[in-house]
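Accompanying notes for the structure given below.
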Amino acid sequence: MNVTFIGGGNMASALIGGLLQQGFSTTQICVVEISSTARKRIKNKYNVTVTEKLTDGIVNCNIILLAVKPQQVPSVAQDLAPLLKTHLIISVVAGIRAKEICNWLYGYKKIIRAMPNTPAFVRAAITGLFALPKINTVEKHYAETIIKAVGTILWVEKEEQLDAVTAISGSGPAYIFYFMEAMEKAGRELGLNETQAHQLSLETFLGATKLASISKETPTVLRSNVTSKNGTTERAINAMKNSGIDKKIIHAIHLAHKRSQDIGDEFSTK
């Protein structure tokens, strides 16, 4: 596999680092980036091929990873379309549906959409994947190999399910950080210093997540196991339940889902 990244931003950088760590050669990776500063940064950090010319980047690759900003996709696609032969296109561009990319590429259909989240920067992402019908098993394997360099994957059968992926895992890290902020603030109010409050919050999330990942029990059962009758945990959980926090969280995720749909509609060519 020879992979050309169109766009050299943060997600592209995370994927490049992951691929090199997984054994890819620097000669298998090329980055097309219009910013000279970004090209220099990528070259210095990864020693892969960098260029500002799309034609130079495409000539020796069989996989194109689209990682530009959403508003740049139509013009990039227009320049890319005449260069395509049997290339597999993997898009990590948020909000741009495969149908739109296909239309901007004048009907080219070898397209996979990928929706990673920010833990990709530490090789701990979960990425939702959707493939157009023209994609074969080998091409799916190529996509999995590339995306697994930064974490785990989840295939969805319908593209609209990527809006749910966005609402749950794409935005999800921010929900966790928000809860951590609250826990740390409470810790400071209870007399802990900033470092102590942060360590307790962080390690509690890490430990709970690890326990959930290896346990066969559901989160509901795991929570129940910690909640002793008339104990401290029960007092806190009851306060959260009485405040309707679970319903508010669910409502917030539905709003994120709706916004993901709206963003897709904004770029829709219909």
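The values are calculated or read from the model by the stated rules, or taken from the named source; none is laboratory data. What you are looking at is a predicted structure, and each value in this text was computed from that prediction instead of being measured. Quick reminder, even Gly has a Cβ in these numbers, built from the backbone with ideal geometry, and neighbours come from all protein chains shown. Only protein heavy atoms, including side chains, enter the accessible area calculation; ligands, DNA and RNA are left aside. Shrake-Rupley method; radii C 1.70, N 1.55, O 1.52, S 1.80 Å.
Check Val50: other-chain or 5+ apart residues with amide H under 5 Å from its amide H, H built from backbone geometry?
Sorted by chain and number, the residues that satisfy this are Val31.
Return the carbon/sulfur percentage of the accessible area of segment 1-122, one whole number, probe 1.4 Å, all protein chains in place.
For segment 1-122, the apolar C and S fraction of the accessible surface comes to 50 percent.
Please give me, ordered by residue number, the GluC sites (Glu not before Pro) of segment 215-270 that lie in loop per DSSP and have at most 12 other Cβ atoms within 10 Å.
For GluC sites (Glu not before Pro) across segment 215-270 that sit outside H, G, I, E and B with at most 12 neighbouring Cβ atoms in 10 Å, the list reads Glu217.
Give the Rg (one decimal place) followed by the Dmax (whole number) of segment 140-202, computed from C-alpha coordinates and expressed in Å.
Every Cα atom of segment 140-202 included, Rg and Dmax give 17.7, 53 Å.
Among all the lysines, which ones have a C-alpha under 24 Å from Lys241's C-alpha, if same-chain residues fewer than 8 places away are not counted?
Lys185, Lys229
³J(HN,Hα) across segment 23-29 via Karplus (A = 6.51, B = -1.76, C = 1.60, θ = phi - 60°), whole Hz, x for Gly/Pro?
Taking θ as phi minus 60°, the curve returns x, 5, 7, 4, 6, 8, 10 Hz for segment 23-29.
Ala125's amide H: which non-local residues (gap 5+, or another chain) put their own amide H closer than 5 Å, with H modeled 1.01 Å from N in plane and none for Pro or chain starts?
Correct list: Ala120, Gly151, Thr152.
Whole number please: convex hull volume per residue of the Cα set in segment 9-82, in Å³?
It comes to 88 Å³ per residue, whole-number rounded.
Charges at C-beta only: +1 for Lys and Arg, -1 for Asp and Glu. How large is the resulting dipole of segment 26-99 about its Cα centre, in Debye rounded to 20?
200 debye
Please list 39-49, 92-102, 120-130 highest first by mean number of surrounding beta-carbon atoms within 10 Å per residue. Provide the component values of the computation, followed by the final result.
Values: 39-49: 15.8, 92-102: 21.3, 120-130: 19.6.
Ranking, from highest mean packing down: 92-102, 120-130, 39-49.
Once the dipole of segment 168-222 is set up with Lys and Arg at +1 and Asp and Glu at -1 on Cβ about the Cα centre, which of Ser215, Ser201, Phe177 lies farthest towards its positive end?
Ser215
Compute the FRET efficiency between Lys99 and Asn10 as 1/(1 + (r/R0)^6), taking r as their Cβ-Cβ distance and R0 = 35 Å, and round to the nearest 0.05.
It comes out at approximately 0.85.
Which of the trypsin sites (Lys or Arg not before Pro) found in segment 144-215 are loop residues per DSSP with 16 or fewer other Cβ atoms within 10 Å of their Cβ?
On the way: sites: Lys148, Lys158, Lys185, Arg188, Lys210; in loops: Lys158.
Those that pass, being in a loop and sparsely packed, are Lys158.
Per residue, how big is the convex hull around the C-alpha atoms of segment 74-231? Give it to me in cubic angstrom, could you?
Cα convex hull per residue, to the nearest whole number: 152 Å³.
Restricting to segment 23-140, what percent of DSSP beta bridges are antiparallel, rounded to 5?
Working: 4 of 14 bridges.
Percent antiparallel among DSSP bridges in segment 23-140 is about 30.
Taking N as the number of residues in segment 74-159, what is its Cα Rg relative to 2.2 N^0.38 Å?
Output field value: 1.08.
Simple spin-label model, 7 Å along Cα-to-Cβ: His198 to Asn238 in nm?
Placing both labels 7 Å beyond Cα along the Cβ direction yields 3.5 nm.
Set the Förster radius R0 to 30 Å, insert the Cβ-Cβ distance between Ile253 and Lys210 as r into 1/(1 + (r/R0)^6), and round the FRET efficiency to 0.05.
After rounding to 0.05, the efficiency reads 0.80.
What is segment 23-143 by shape, rounded, prolate or oblate, if you read a ≥ b ≥ c off the alpha carbon gyration tensor as root eigenvalues and call it rounded for a/c under 1.5, prolate for a/b larger than b/c, and oblate otherwise?
Values: a/c = 1.45, a/b = 1.19, b/c = 1.22.
Verdict is rounded for segment 23-143.
What is the percent of Cα-Cα separations in segment 188-270 that go past 16 Å?
Details: 2492 of 3403 pairs.
For segment 188-270, the share of Cα pairs beyond 16 Å comes to 73 percent.
Taking every pair of Cα atoms in the chain, average 1/r, invert it to obtain the Kirkwood radius, and report Rg/Rh to two decimals. Can you show the working numbers first?
On the way: Rg = 21.6 Å, Rh = 20.7 Å.
Rounded to two decimals, Rg over Rh is 1.04.
When the Karplus curve 6.51 cos²θ - 1.76 cosθ + 1.60 is applied with θ = phi - 60°, which whole-Hz ³J(HN,Hα) does each residue of segment 139-151 get, with x for Gly and Pro?
Once θ is set to phi - 60°, the couplings for segment 139-151 become 5, 4, 5, 4, 4, 4, 4, 5, 6, 5, 5, 10, x Hz.
Report, ordered by chain and residue number, the lysines lying within cross-link reach of Lys248, taken as a straight Cα distance under 17 Å and ignoring same-chain residues fewer than 8 apart.
List returned: Lys258.
Using 20 Å as the Cα-Cα cut-off, could you pick out the over-long pairs in Lys109/Lys140; Lys85/Lys158; Lys85/Lys110; Lys99/Lys158; Lys43/Lys109; Lys134/Lys158?
Pairs exceeding 20 Å: Lys85/Lys158; Lys43/Lys109.
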